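FYI, it's all coordinate maths here, none of it is from the lab. Everything quoted here is computed from the prediction, not taken from an experiment. Here the Cβ positions follow ideal geometry from the backbone for every residue, glycine too, while neighbour counts run over all protein chains shown.
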């Protein structure tokens, strides 16, 4: 009885969160792909998930990084996504939200909850 109520509340919480998802993302991995004709292997970008609803969240971090030429305020970028989506470490995540498309990469393991997951992102700088 209590367990059913908890599950119902979790479903309601997830539905409420997903109503805030105003973006769409594509998950791209760098994988080894074998050409069927030549049988040669090459590494290339492979889109493993397209048009997944999501939400980007931005926050200013208190820390200011001092470089040789200027002080730079850092910004935290977090992606909210359905909990069952698997995002491998090092994936490129292309997000379109509010008419702006940007490329990011995962910078940490996702925090996965029963209602959503949160992935800390950084701007994509190329494949490692």
Exercise for the section: Please work out the FRET efficiency for the pair residue 101 and residue 6, using the Cβ-Cβ distance as r and a Förster radius of 22 Å; give the result to the nearest 0.05. Expected result: 0.05
Problem - Burial ordering of 36, 45, fewest other beta-carbon atoms within 10 Å first - result: 36, 45
Practice task
Let me have the relative contact order for the stretch 2-123, percent, based on Cα pairs under 8 Å that are six or more residues apart.
Solution key: 24
Practice task
Please give the length that would be gained between residue 20 and residue 68 if that part of the chain were fully extended, namely 0.36 nm times their separation in residues minus their C-alpha to C-alpha distance (nm, one decimal).
Solution key: 13.3 nm
Completion exercise
Dividing the surface of the Cα convex hull of the chain by four yields a projected area in nm² of 12.1
